[in-house]
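Before any comments, here is the structure.
The values are calculated or read from the model by the stated rules, or taken from the named source; none is laboratory data. Computed from a predicted model, the values in this text were never measured in an experiment. When we count neighbours, we look across all protein chains shown, and the Cβ atoms used for this are built from the backbone with ideal geometry, even at glycine. Keep in mind that these areas ignore ligands, DNA and RNA; they rest on the heavy atoms of the full protein, side chains included. Shrake-Rupley method; radii C 1.70, N 1.55, O 1.52, S 1.80 Å.
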Amino acid sequence: MKFIHAADLHLDTPFQGLTDLPTALQTQIMRAPIDSLNRLVDLAIDEAVDFVLLVGDLFDQAQQSVQAQAALMLALERLNDAEIPVILSFGNHDFQPDDADWHFPANVHAFGSQVETVTLTTAQQTKVAITGFSYAQRWLTTPMIDQFPMKTSSADYQIGMWHGQTGVAGDHYAPFKVSELLGKHYDYWALGHIHQRQELNAVPPIDYPGNLQGRQRNETGAKGCLLVSSTADHQLRPVFKPLATILWQDWTPTLSGEVSRSALLAQLTDQLNAAMTTPTQLVSITLPETCTLTTAANLALTQGTLLRQLQQATTGETWWPVDLQLAQTTSAPATLSFGEDGATWQAVGQQVISSAKVAEIADRLLDEDFLNRALLETLTPDQWQQQVRQLLTDHYQLTTQKDGSTNAD
Ligand SMILES: [Mn+2]
């Protein structure tokens with residue numbers, strides 16, 4: 001026996017926090033949840049599975065978009081043509097009243113808000129009982145476990161479908177305890193709701209497959225479904241199958257020493273080109289503590305110009321930078337205080353203002369676009385003032401207050 005366990009498709013998910021995307025990538029991202037569903041159907045047909053379980057949150061909202069509904073119906077029709085049954089439930093995102101009329105194809109069984117059991121007989125004459133429920137409202141605080149029957153003796157395997165999370169009575173998302181599920185003696189618990197793939201118990205498996213397609217920055221890594229097969233000793237064993245067409249990724253480049261803006265841009269581009277292959281990666285970049293940035297590079301980072309330049313340096317076919325930041329260090333940021341202590345300034349001035357230091361600083365300053373431009377074209381005094389003020393406030397955390405507190409963080 002072989003089946004697919006998937007959950008949390010969120011077909012009409014709104015992707016947020018992405019700006020300035022190339023049109024092709026934007027289209028690819030908007031289609032990603034539907035593309036991953038279509039790949040699930042391909043997998044089901046290729047593997048000739050006996051049935052497919054979809055455990056809640058098929059849609060992102062109780063009111064679905066027409067496109068998402070059409071995509072689901074098309075996928076279910078393809079499985080119907082292949083004579084693959086689908087057992088599905090609705091979750092806390094796509095909760096449905098019991099009298100909602102979906103006109104699903106004949107191969108589909110959708111659970112209502114009361115726990116029920118459906119029984120299938122596979123082509124190899126294996127009898128499988130599948131027990132589950134749907135959400136009829138956003139929250140499900142009542143204990144559902146009491147409604148679940150003990151494993152029936154009339155089926156070869158019994159599978160529970162449960163969209164929810166561990167917790168105590170009163171929690172919002174169908175709370176359960178692992179021990180309660182184990183107490184029913186089922187052969188497999190197909191969970192949904194938690195978007196991170198995880199196994200709460202190995203034998204029998206109590207598994208979250210994770211969502212089919214990552215929806216935001218913290219949903220990183222490969223996403224897909226579980227392909228579950230029976231073993232000779234009558235166990236059910238899940239294997240992860242990646243399906244997502246877009247991956248969110250946290251990534252840190254290899255960098256050391258002091259890095260200028262141009263070197264940083266070149267290094268990031270080269271390393272990303274080498275590291276990122278299909279499927280397309282949406283990358284949140286954290287620079288390692290092993291490197292320090294020149295003043296200009298730091299300014300470009302904090303102002304976002306470095307991220308924009310990096311976005312301009314990629315076609316978006318294999319990677320797209322969504323964020324770029326320094327590793328969080330525990331030490332306090334350096335601040336420069338314009339206080340009233342003239343003696344300190346004199347002492348510091350004698351140390352700092354040497355011809356070598358001036359040359360070094362001038363070199364770094366020429367890394368600044370606006371200073372470079374000023375030498376080639378004419379900046380008005382107003383533009384000069386505005387740019388210098390921006391440089392000081394953004395990079396040096398300029399403070400003019402006597403108590404030394406900063407006006408920026
Ligand atoms: Mn959910």
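Okay, here's what the table says:
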{"quantity": "Qualifying positions in the stretch 176-192 - touching a strand residue (DSSP E or B) at 6+ places or on another chain (Cβ under 7 Å), surrounded by fewer than 21 Cβ atoms within 10 Å (Cβ to Cβ) and assigned to a loop (DSSP other than H, G, I, E, B)", "calculated": "K177, K184"}
{"quantity": "Search result, residues across the stretch 237-291 that are free of Cβ contacts under 8 Å to residues at least 60 places away in the same chain, closer than 15 Å to A313 by Cα and charged (D, E, K, R)", "calculated": "D270"}
{"quantity": "Positions within the stretch 292-348 being in a strand (DSSP E or B) and at pLDDT 65 or above, in sequence order", "calculated": "T292, L293, W319, W320, P321, V322, D323, L324, Q325, L326"}
{"quantity": "Conditions (1) open to solvent by less than 10 Å² (accessible area, probe 1.4 Å); (2) under 16 Å from L226 (Cβ atoms); (3) more than 26 Å from the chain's Cα centre (by Cα); (4) not aromatic (F, W, Y): number failed by D46", "calculated": "(1)"}
{"quantity": "The stretch 146-171 residues that are assigned by TED's automatic domain parsing to the domain that holds V203, paired with ones that are open to solvent by 50 Å² or more (accessible area, probe 1.4 Å) and not in a helix (DSSP H, G or I) (beta carbon under 6 Å, 6 or more apart)", "calculated": "K151/H185; A155/K127; D156/K127; Q158/K151; G164/Y173; Q165/Y173; A169/P143; G170/T141"}
{"quantity": "Residue in the stretch 221-241 that is open to solvent by 10 Å² or more (accessible area, probe 1.4 Å), within 16 Å of the ligand (Cβ to nearest atom) and modelled with pLDDT under 95 present", "calculated": "no"}
{"quantity": "Pairs where the first residue, in the stretch 373-391, is closer than 17 Å to N298 by Cβ and the second is at pLDDT below 75, C-beta under 6 Å, 6+ apart", "calculated": "Q387/F370"}
{"quantity": "Single match in W248, W320 (criterion: out of contact with any helix residue (DSSP H, G or I) (no Cβ under 9 Å at 6 or more places or on another chain), on the phi < 0 side of the Ramachandran plot and buried (at least 18 other Cβ atoms within 10 Å of the Cβ))", "calculated": "W248"}
{"quantity": "Breaking point among (1) in a helix (DSSP H, G or I); (2) over 15 Å from P321 (Cα atoms), for Q271", "calculated": "(2)"}
{"quantity": "Matching residues in the stretch 56-105 - criterion: being among the aliphatic types (A, V, I, L, M) and buried (at least 20 other Cβ atoms within 10 Å of the Cβ)", "calculated": "L58, A68, A71, L72, A75, L76, L79, I84, V86, I87, L88"}
{"quantity": "Filter result for V168 (closer than 21 Å to F3 by Cα, open to solvent by 10 Å² or more (accessible area, probe 1.4 Å), away from the ligand (no atom under 16 Å from the Cβ) and β-branched (V, I, T))", "calculated": "no"}
{"quantity": "Yes/no for V108 being of a type in the set (A, V, I, L, M), open to solvent by less than 30 Å² (accessible area, probe 1.4 Å), touching a residue at least 60 places away in the same chain (Cβ under 8 Å) and touching a Leu at 6+ places or on another chain (Cβ under 6 Å)", "calculated": "no"}
